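Shown next, in structure tokens, is the structure this report addresses.
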Amino acid sequence: MRHLPRTPAGIAGTLLVALMVILAIAGPLIWGAEAERIDSAAILQGTSAAHPLGTDNLGRDILARVLVAGRLSLALAMIATLIGATAGVILGALPSVLPRRAARLVTGTVNALVAFPGLLLAMFTAVIAGLGARGAVLGIGAAVAPGFARLTQTLAASVAGADYVAVARMLGVSRWRVMTRHVLPNIAEPLILHLTQALGGALLALAGMSFLGLGVQPPSFDWGRLLFDGFARIYATPAVALGPAAAIALAGIGFNLLGDVLARAASRRATPAGAAAGRAVPEAGELGEPDPDAVLEVRDLTVTFPGGVTPVRGLSLTIAPGEIVGLVGESGSGKSLTASAIGGLVPYPGEVSAGRLRLCGADVRELPEAECRRLLGTSLAMVFQDPMAALNPALKVGGQLAEVATVHQGASRADAFARAVDRLEHVRIPEPATRARQHPHELSGGMRQRAVIAMGLMGAPRLIIADEPTTALDVTVQREILRLLREVTDETGAATLFISHDIAVIGELCHRVVVMYAGRVVEELPVEELASGAAHPYTRALVASLPDMETDRSLPLASIPGRQPSPAEVPDGCAFADRCELASAKCAELPPLIPYRAGHRVACWEAK
Amino acid sequence: MAESLRPSAAGPSAEGGRAGRALGRALGRVRSGFVLRRAVRFVVSLGVLLVASFAMMHLIPGDPVRASLGPAAPAELVTARRAALGLDEPILSQLLSYVSNVFRGDFGTSFLSGEPVREIIASRLPNTLGLALLATVVALLVAVPLGMWAAIRTENGRNRGTEVTFTSATGAAIAVPEFLYSIALVTVFAIGLRWFPPAGKAGPVSYVLPILSLAISPTAMIARICRVETLRELGMDYVRLARAKRLPAARLYFRHVLPNTLTATLTVGGMLLAALIAGSVLVEYVFAWPGLGLRVVESITQKDYPVAQGVILVYGAIVLVVNLLVDLLLGVLDPTSKLKET
Ligand code: SF4
């Protein structure tokens, strides 16, 4: 709540609501007499110096009446909201304490009522209770209730699953007590939040009822009633409608802005802010001549975000055709961002810089826009972790594949679709023609991932970047997808950059392994050496944490204590030093990535 | 992978398959019980509405006929009216005859003018519906592009200025009720500038101001939802993949993003339509629009109970029908919708 008035909207909302409250309290005290003073010499006047907003049919000053009417408007809205909130919370809490069937009935009623406009309910009660504030307040209270009931229900359901509620249930605490002691206090805040918004809504609805002549009746008056009177004279003296209209509009805007800001503050509280001092990343290094054969050549790739957050720091990587390179690291090591940077998909406001970024022999940053699009669109295939999220749920599978061909290769729709079916068959999706006409949700998880891979095969991929492609799948499907990836690389001669946190999968699939830690490559080695020849303490710890590699299973699992520094707080020296058993004073300096053996490089002072 | 083992469901021939598939899908949904559950809910709600509408007349404290005719009316007239309305019969048979009358289209006659309520409804309902539908269409046509544009401009926290302007402007627009818009529009464009007629229904120009008054708040609300939805979709992997495919921007936004934002947008649009029908009461009142809303206000003020009862019943039924249609439409549009579980 402390952060409220920082935004202009927050300030405006708070001020307006405060103004309304002050007006409601002080208005009648200050202008009460003026508002009731009848002046037969000045009836039905327009704007004048004495009466800025004119006078009514008894010569009373309209400005004073507007200022006085705030109290009744606000008070009635508050009563209606309280009636509605009380009824709604009870109604919403009932299903948790009632037997199943009765609970279903209550829920059903609430669901049906939520969609019912308040004004209709208010007119209904107005007929029964007769014209006047009472009918309107009751009706609007009734209209407010279902919203509260629905909210209470959803919130209570979300809390009901929490551990402490389960514990209370186990201890035999009665259901009603669980509700009042454990559930309601935990959902109070969103309910109070909703109260602000409901209050604004009730105020407007009441104003509407009074404006129709169905709410507050003379001699009482609220803003709506004043507007009713003013509206009758709008042709002659439009100014008389201005005061009450402005008051209603300002009240509506005030409550709405405040409600908005409160809601946003509440949702923001859940996510802690974290930013650290910026620090330049050193490292330049010799560039040398570009490698003409490499599919991908990256030198000194750095990704920075504002606030000195640098998740990828001077990464270099070369991939030859047909090679499967595994990029392994914990989450937060920068491996996925590396993939995004290569594909040109780093989200704003991230910034990518590199000494060299060549794909298929061309520097992507020097190519003209259109050519770059075509190159990345057809030569680079990307496979993401969650195939459901990677396929557009609204479009048919075949169409999504086909558009690569229609957009980049100028194929006709029919040809593109035929190719899509062919590619689906290629990744061994049964009945590809039928599947192509289905939506993604009609396919199984494994089939979806196959479809994504098939999408990459629509062009002539030279490089496949697979970012955790099997993590979301179950084990048997995982293996099939891995096999498929290997086959695809064999057949097409494309290279694959396979990104995973799972060193076992990497060891199984890849030819070469690149280990990332805190945004840097710490070791790069042929897969054959992974099991026993790793030189970096981090790689060794990773390997040791696996039971099914060639490790001695009689030893206890070697987990790695401590945690990886976040991208904002990477130290100047070796980032692994905190967790490293071999760390010495030397490690306060950054170890360079240097050749260790043939095809094996490592960044550690202790590796000799 | 179990699905792939299932025997081929007789592959539909390329042409003529579309209708067959749509039918199959609809049937599938009937089987899944979604349509049935919605139908049951609709019928139950309608029943509740009928009982409530019937009860309304009986919940009026004292004698509605006496209240309507005033204390000066002769006792014979009151008795005759009561008998004509069947108010002295047992309550249950009254309810039954009320319901059967309603289904035969007999809503009673006005206490004041003696007109059959059915005729009042028949002559005025089209005016109300026309206004509400046009306003919804206008709101959707303006709001969806506006929301998408705002989302694309403010993606990943770019263009803070646009975001602040957009949220405050829509916030303010939502907060101001439609009757204030109509009063403002009447004052400026009808009374001040004389561009449009201030009241009544006479030709296409007379629609402009009422539709504008009704559409402003929903437009702001839908635009907001549409922006939030679009922003969410833009962060999804399929958009990253589509971007990785280097699709042209128009294709990316209209083919890939838009269909996924439509569900939420239409849900809100549908809910707003129900609210809009009620809001039209106020707008009709300001513009003296010959719709149901104006008439119901008059009838409540004048204690013309049969008219009030009939018109409120019609309003309630419209809301129920709109909600049902929105639900069904969503069920067809969004096959994965969570809605179906409720
Ligand atoms: S450089 Fe030092 S701290 Fe870093 S891994 Fe090697 S031994 Fe450990």
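Of all residues in segment B:72-96, those that are under 30 Å from B:Val48 (Cβ atoms) have Cβ atoms under 8 Å from Cβ atoms of residues that are in a helix (DSSP H, G or I) and of a type in the set (D, E, K, R), 6 or more apart or on another chain, in B:Asp88/B:Arg82. Taking segment A:325-363 as the range and being within 19 Å of A:Ser566 (Cα to Cα), surrounded by fewer than 19 Cβ atoms within 10 Å (Cβ to Cβ) and free of Cβ contacts under 8 Å to residues at least 40 places away in the same chain as the test, only A:Pro347 passes.
Among the residues of segment A:589-608, those that are of a type in the set (A, V, I, L, M, F, W, C), modelled with pLDDT of 85 or more and near the ligand (Cβ under 9 Å from one of its atoms) comprise A:Leu590, A:Val602, A:Ala603, A:Cys604, A:Trp605.
The condition of being within 11 Å of chain B (Cβ to nearest Cβ) and under 24 Å from A:Ala294 (Cα atoms) holds for only one of A:Arg373, A:Arg365, that being A:Arg373.
Would you mind stating whether A:Val488 is touching a helix residue (DSSP H, G or I) at 6+ places or on another chain (Cβ under 8 Å), in a helix (DSSP H, G or I) and within 11 Å of another protein chain (Cβ to nearest Cβ)? Spell out how you get there, then give the answer.
Values: touching a helix residue (DSSP H, G or I) at 6+ places or on another chain (Cβ under 8 Å): yes; in a helix (DSSP H, G or I): yes; within 11 Å of another protein chain (Cβ to nearest Cβ): no.
Against the criterion (touching a helix residue (DSSP H, G or I) at 6+ places or on another chain (Cβ under 8 Å), in a helix (DSSP H, G or I) and within 11 Å of another protein chain (Cβ to nearest Cβ)), A:Val488 does not qualify.
Selection of segment A:395-424 for residues being touching a residue at least 12 places away in the same chain (Cβ under 8 Å) and small (Gly, Ala, Ser) yields A:Gly398, A:Gly399, A:Ala402, A:Ala405, A:Ala416, A:Ala420. Confirm whether A:Leu463 is free of Cβ contacts under 8 Å to residues at least 40 places away in the same chain and touching a strand residue (DSSP E or B) at 6+ places or on another chain (Cβ under 6 Å). When the stated conditions are applied, A:Leu463 does not pass them. Looking only at residues in segment A:112-154 that are over 20 Å from A:Leu214 (Cβ atoms) and surrounded by fewer than 21 Cβ atoms within 10 Å (Cβ to Cβ), the one that is modelled with the highest pLDDT is A:Arg150. Condition test on A:Gly224, is it at pLDDT 80 or above, surrounded by fewer than 24 Cβ atoms within 10 Å (Cβ to Cβ) and within 14 Å of chain B (Cβ to nearest Cβ)? So A:Gly224 fails the test.
For segment B:93-126, a tally of residues being farther than 14 Å from B:Leu50 by Cβ and part of a helix (DSSP H, G or I) returns 11. Criterion first (buried (at least 24 other Cβ atoms within 10 Å of the Cβ), part of a helix (DSSP H, G or I) and within 14 Å of chain A (Cβ to nearest Cβ)) does B:Thr230 satisfy it? Answer is yes for this residue. Restricting attention to segment A:528-549, the residues being more than 16 Å from the ligand (Cβ to nearest atom), assigned to a loop (DSSP other than H, G, I, E, B) and either of a type in the set (Asp, Glu) or touching a strand residue (DSSP E or B) at 6+ places or on another chain (Cβ under 6 Å) (or both) number 1.
For beta carbons closer than 6 Å, sequence separation of 6+ or different chains, a first residue in segment A:589-608 that is away from chain B (no Cβ under 14 Å) and farther than 11 Å from A:Arg520 by Cβ and a second that is within 9 Å of the ligand (Cβ to nearest atom) and basic (Lys, Arg), the qualifying pairs are A:Trp605/A:Lys586.
Output yes when any residue across segment B:142-149 is within 14 Å of chain A (Cβ to nearest Cβ), out of contact with any strand residue (DSSP E or B) (no Cβ under 6 Å at 6 or more places or on another chain) and under 26 Å from B:Thr267 (Cα atoms), and no when none is. No: zero hits. Looking at A:Gly399, is it facing chain B (nearest Cβ under 7 Å) and either assigned to a helix (DSSP H, G or I) or on the phi < 0 side of the Ramachandran plot (or both)? So A:Gly399 does not fit the description; no. Pairing each residue of segment B:246-260 that is more than 7 Å from every other protein chain (Cβ to nearest Cβ) with any residue that is among the charged types (D, E, K, R), provided the two are 6+ apart or on different chains, yields C-beta distances under 6 Å for B:Val257/B:Glu233.
Taken as a whole, the structure leaves A:Leu525 outside the set of residues that are buried (at least 20 other Cβ atoms within 10 Å of the Cβ), without any contact (Cβ under 8 Å) to a residue 60 or more places away in the chain and away from the ligand (no atom under 14 Å from the Cβ).
The values are calculated or read from the model by the stated rules, or taken from the named source; none is laboratory data. In this text, all values refer to a predicted model and were calculated from it rather than measured experimentally. Don't worry about glycine lacking a Cβ; one is built from the backbone with ideal geometry, like all the others, and counts go over all protein chains shown.
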